[in-house]
Amino acid sequence: MRDAAAKLVDFPNQPAAGGKANMDAGDVNRTGITLLPPRDEFTFDDNSNARLFANRYRSALRWQSDAGKWLAWNKTHWQADDTGLVMEIAKLFAKSLYDMVPDLAHSRAELATAMRHATRSNNSAFLIAFVELS
C-alpha cells in the first residue's frame, strides 16, 4: 500500500480518460518542476491543503459524499478505499509540504509561517482535517 501511495505522490496527475493529464493554471507538467497552485491563491491553512490535495490527486482519488467514503481509481473502475490508502497518501502529501511551502512564501516572515504550517500539517489531527475538507 505504501508503494501505491508513493507512486501517486511521485506522479499525482495521471492522464484522464482522454489521455491528457489534468492540469490547472499554476500546475506544471512532469518536467522536474514541482506542481504548485498559483502562488497568490495559497494560504497556509487546512483549506488550502485540502484544495491542493484534491486537485493533485483528482484523477486517482474521489470523495463519494452519499456513501461517505473515499474512492480510489484501480485502472478500470473506482473502488472504495478500505485499506487506508488515502491516509497514506495524505501523510506523504503532508511531508511534501516542507518542500513546497518555501516556494509559496512571499517573504522571509511568511516563510517562517509556512514552515510552521508544514509542521502543523503533519500532525495527525490536521492530516485528518485537510483530508475531510478535501
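Scanning the range 46-80 for residues that are of a type in the set (D, E, K, R) and closer than 15 Å to Ile128 by Cα returns Asp46, Arg51, Lys69. Scanning the range 60-107 for residues that are in a strand (DSSP E or B) and either in contact with a His (Cβ under 9 Å, 6 or more places away or on another chain) or among the hydrophobic types (A, V, I, L, M, F, W, C) (or both) yields a count of 8. So, Ser107, is that one small (Gly, Ala, Ser) and either touching a helix residue (DSSP H, G or I) at 6+ places or on another chain (Cβ under 7 Å) or touching a residue at least 24 places away in the same chain (Cβ under 8 Å) (or both) or not? Considered against the rule, which asks whether it is small (Gly, Ala, Ser) and either touching a helix residue (DSSP H, G or I) at 6+ places or on another chain (Cβ under 7 Å) or touching a residue at least 24 places away in the same chain (Cβ under 8 Å) (or both), Ser107 comes out as no. Within the range 81-94, residues that are closer than 15 Å to Arg51 by Cα sit with their Cβ atoms under 7 Å from residues that are assigned to a loop (DSSP other than H, G, I, E, B) and of a type outside the set (Phe, Trp, Tyr), at 6+ positions apart or across chains, in these pairs: Ala94/Asn122. Among the candidates Ala60, Ala105, the residue that is crowded, with 17+ Cβ neighbours inside 10 Å, modelled with pLDDT of 55 or more, more than 19 Å from Ser121 (Cβ to Cβ) and not basic (Lys, Arg) is uniquely Ala60.
Remark: pairs (first residue in the range 41-62, in contact (Cβ under 8 Å) with a residue 12 or more places away in the chain; second residue part of a loop (DSSP other than H, G, I, E, B) and not polar (S, T, N, Q); Cβ separation under 6 Å; 6+ apart in sequence or on different chains) = Leu52/Pro37; Arg56/Pro12; Tyr57/Pro12; Ser59/Ala16.
The values are calculated or read from the model by the stated rules, or taken from the named source; none is laboratory data. Please read these numbers as outputs of a predicted model, since none were measured by experiment. Cβ: placed from backbone, ideal geometry, glycine included. Neighbour counts: every protein chain shown.
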